[in-house]
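Following: one structure in structure tokens, then a few remarks.
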């Protein structure tokens, strides 16, 4: 038996097995990423997050960060922040900003977040981003 990916080897049972595949292109495009360099922190959003969340990527110089800490219940913090614009699924998921545009949220229930204060970035004053690596990220950013 063959596939577009080449020959398929029979499994131990003699039945053909599916070819090994990496993550689908949709899976790799669907996730938000936080990139940290010596000079900056970049929150890279998936296209659908940008469109539905009415947000763009967030790039902040590390010199402009302060008050870095981990938030264990980020959805609660997002819900308590007041009126927001963007994608809001209460108690589940937020990709949104406050009406005053001073806070940005990319948070998900059950996933801790890293929170950091921002200066010299227009109206934006605080960012809250869920990532399973929140404790390590906060440590790297000096929290």
task = Please specify each residue of segment 97-111 satisfying the condition of being over 14 Å from residue 122 (Cα atoms) and within 12 Å of the chain's Cα centre (by Cα).
result = 105, 106, 107, 108, 111
Residue under evaluation residue 83, criteria (1) more than 24 Å from residue 142 (Cβ to Cβ); (2) in contact with a helix residue (DSSP H, G or I) (Cβ under 6 Å, 6 or more places away or on another chain); (3) surrounded by fewer than 19 Cβ atoms within 10 Å (Cβ to Cβ), criterion not met = (2)
message = Please go through (1) surrounded by 14 or more Cβ atoms within 10 Å (Cβ to Cβ); (2) on the phi < 0 side of the Ramachandran plot; (3) over 12 Å from the mean Cα position of the chain (by Cα); (4) free of Cβ contacts under 8 Å to residues at least 60 places away in the same chain for residue 124 and return the number of the only condition it doesn't satisfy.
response = (4)
message = From the list 67, 59, exactly one residue is at positive phi, at pLDDT 50 or above and surrounded by fewer than 14 Cβ atoms within 10 Å (Cβ to Cβ). Which is it?
response = 67
inquiry  = Given the criterion at pLDDT 95 or above and in contact with a helix residue (DSSP H, G or I) (Cβ under 7 Å, 6 or more places away or on another chain), identify the matching residue among 113, 104.
reply    = 113
inquiry  = Of everything in segment 27-54, what is out of contact with any helix residue (DSSP H, G or I) (no Cβ under 8 Å at 6 or more places or on another chain), in a strand (DSSP E or B) and touching a residue at least 24 places away in the same chain (Cβ under 8 Å)? Give them in sequence order.
reply    = 43
ask   = Within the bounds of segment 55-78, is there any residue that is part of a loop (DSSP other than H, G, I, E, B) and closer than 16 Å to residue 111 by Cβ?
value = yes
request  = Within segment 76-96, track down each residue that is over 17 Å from residue 49 (Cβ atoms), under 17 Å from the mean Cα position of the chain (by Cα) and in contact (Cβ under 8 Å) with a residue 24 or more places away in the chain.
outcome  = 77
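The values are calculated or read from the model by the stated rules, or taken from the named source; none is laboratory data. Please read these numbers as outputs of a predicted model, since none were measured by experiment. Every residue, glycine among them, receives a Cβ derived from its backbone with ideal geometry; neighbour counts consider all protein chains shown.
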